[in-house]
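*Asks:* Sending over a structure as structure tokens; questions will come in a sec.
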Amino acid sequence: MASSAMELSLLNPAAMRRRHAGLSSAASAKPRVVRFRVAASSSAAPAAAKTGSPKKRGKTEIQETLLTPRFYTTDFDEMERLFNAEINKQLNQEEFDALLQEFKTDYNQTHFVRNQEFKAAADKMEGPLRQIFVEFLERSCTAEFSGFLLYKELGRRLKKTNPVVAEIFSLMSRDEARHAGFLNKGLSDFNLALDLGFLTKARKYTFFKPKFIFYATYLSEKIGYWRYITIFRHLKANPEYQVYPIFKYFENWCQDENRHGDFFSALLKAQPQFLNDWKAKLWSRFFCLSVISELFHLHGSTVYTEGCYCVPLLTVVFVWDVLQVYVTMYLNDCQRTAFYEGIGLDTKEFDMHVIIETNRTTARIFPAVLDVENPEFKRKLDRMVEINKKIIAVGESDDIPLVKNLKRIPHIAALVSEIIAAYLMPPIESGSVDFAEFEPQLVY
């Protein structure tokens with residue numbers, strides 16, 4: 001990277017020594033598998049698994065706030081219009097044909113094959129590291145399954161309108177299903193499993209217009225690539241932190257994320273109205289600032305309680321739902337430093353590396369991006385982390401729900417103020433030359 005200050009100082013040996021000192025040998029007794037279902041209420045405590053017939057798996061409810069990744073739906077009729085070649089003359093069918101052939105090659109068809117290392121590594125993991133690692137698997141599995149559902153439906157709905165684009169969506173749903181299954185298998189190493197069929201029916205679906213699906217999913221896939229490849233490279237250089245073999249699969253795995261992102265880049269180019277005006281610049285910055293909404297449904301920091309939204313905060317909830325990438329990841333990860341320390345990473349430096357690289361990638365297609373390499377941007381993120389800790393503390397207090405919501409208001413107002421300030425920082429003009437209104441010239 002250009003700035004030495006942003007180089008990854010990933011190792012945190014002191015934290016690791018503290019963590020490993022607290023680990024003991026795995027218990028000899030082999031617990032049965034517990035299948036998780038999502039609780040209907042965010043306030044519901046996890047129910048203890050019921051004992052019963054060996055043939056029946058236990059059903060344990062988990063808090064809705066734990067599985068933060070959202071399930072999305074969109075305006076499928078508008079999608080059909082966007083990809084109708086007779087209506088949209090901007091569609092580059094040759095590019096989509098080339099992408100389809102790449103997806104058909106299925107480079108990772110035989111990549112996700114498990115071995116005995118998985119169970120052995122899980123049995124050695126105990127204490128806080130085990131707990132936070134299970135949460136990582138749960139959240140990751142849910143996020144991949146969410147992508148599978150959206151891509152599968154898009155593949156089904158676009159078959160008649162644009163068979164090539166429809167088949168690409170279907171093949172991407174294949175990739176997401178493969179990832180989700182692999183992660184769920186990982187949970188079985190910890191004697192747990194997510195009931196994905198139940199999730200399909202029980203989860204609430206968030207509606208996004210097609211252009212917002214394009215923005216958010218492109219960013220999500222590219223940020224996933226940079227997270228996975230950074231973790232893989234770090235653990236390859238520092239194998240002593242390889243606590244679980246799933247990370248060894250990240251090099252090939254991240255190429256799926258990269259291909260998905262490239263496809264959404266092609267979709268955006270096919271819809272230049274999403275990229276070439278002042279509104280596109282505002283939305284680009286908006287979504288760059290956003291892995292935000294997901295965060296505030298975590299660990300008691302959510303603004304809804306006992307299944308009901310607090311009326312004074314409905315506007316704030318809407319803001320979280322609209323702002324969808326960098327801030328959420330940063331705040332979310334700062335709540336899970338134990339996980340990153342467990343694999344030898346410094347959380348904030350890791351996140352800033354991922355944010356900067358994703359931003360540089362995004363600048364190739366988005367007409368404007370945030371100036372994330374400005375030191376003031378990181379200072380704002382750090383202030384948001386401190387405010388978010390106060391919001392979480394309120395959520396974990398013994399106050400009644402009404403009092404909690406009232407106490408949250410000033411902290412949420414402060415958080416919104418920081419988010420708006422970050423959004424209003426002077427952006428960096430960017431975007432593909434394909435959409436330039438002038439003839440590009442070489443400058444020597």
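The values are calculated or read from the model by the stated rules, or taken from the named source; none is laboratory data. Small disclaimer: the values here were computed from a predicted structure and weren't measured. Don't worry about glycine lacking a Cβ; one is built from the backbone with ideal geometry, like all the others, and counts go over all protein chains shown. With ligands, DNA and RNA removed, areas are computed over all heavy atoms of the protein, side chains included. Shrake-Rupley method; radii C 1.70, N 1.55, O 1.52, S 1.80 Å.
*Asks:* Is it true that V403 is at pLDDT below 85 and farther than 17 Å from I231 by Cα?
*Replies:* For V403, the condition - at pLDDT below 85 and farther than 17 Å from I231 by Cα - is not met.
*Asks:* Here's another thing I want to ask about it. Considering only the range 275-290, I want to know if a residue exists there that is open to solvent by 30 Å² or more (accessible area, probe 1.4 Å), touching a helix residue (DSSP H, G or I) at 6+ places or on another chain (Cβ under 9 Å) and at pLDDT 70 or above.
*Replies:* Checked against the condition, which is being open to solvent by 30 Å² or more (accessible area, probe 1.4 Å), touching a helix residue (DSSP H, G or I) at 6+ places or on another chain (Cβ under 9 Å) and at pLDDT 70 or above, the range 275-290 yields at least one hit.
*Asks:* On to the next question. Scan the range 191-213 residue by residue and report those that are in a helix (DSSP H, G or I) and surrounded by 16 or more Cβ atoms within 10 Å (Cβ to Cβ).
*Replies:* Of everything in the range 191-213, those that are in a helix (DSSP H, G or I) and surrounded by 16 or more Cβ atoms within 10 Å (Cβ to Cβ) turn out to be L196, L199, P210, K211, F212, I213.
*Asks:* Can you tell me which residue is farthest from A266 (Cα to Cα) among those in the range 363-377 that are modelled with pLDDT under 90 and open to solvent by 40 Å² or more (accessible area, probe 1.4 Å)?
*Replies:* In this case the residue turns out to be D371.
*Asks:* List the pairs whose first member sits in the range 210-221 and is farther than 18 Å from T358 by Cα, whose second member is of a type in the set (D, E) and open to solvent by 10 Å² or more (accessible area, probe 1.4 Å), and whose Cβ atoms are under 8 Å apart, counting only residues at least 6 apart or on separate chains?
*Replies:* Filtered contacts from the range 210-221: P210/D75; P210/E78.
*Asks:* While we're here: Looking at (1) at pLDDT below 95; (2) under 18 Å from T73 (Cβ atoms), which one does E176 not meet, given that it meets all the others?
*Replies:* (1)
*Asks:* Take the range 108-141 and flag every residue that is in a helix (DSSP H, G or I) and closer than 21 Å to F264 by Cα.
*Replies:* Listed by number, the list holds a single entry, S140.
*Asks:* Quick one: in the range 85-133, of everything that is more than 26 Å from the chain's Cα centre (by Cα) and of a type in the set (A, V, I, L, M), which residue is farthest from D189 (Cα to Cα)?
*Replies:* Result: I87.
*Asks:* Would you please list the contacts, defined by Cβ atoms under 6 Å and residues six or more apart or on different chains, that run from a residue in the range 124-146 that is under 23 Å from Y205 (Cβ atoms) to a residue that is among the polar types (S, T, N, Q) and open to solvent by 20 Å² or more (accessible area, probe 1.4 Å)?
*Replies:* C141/N184
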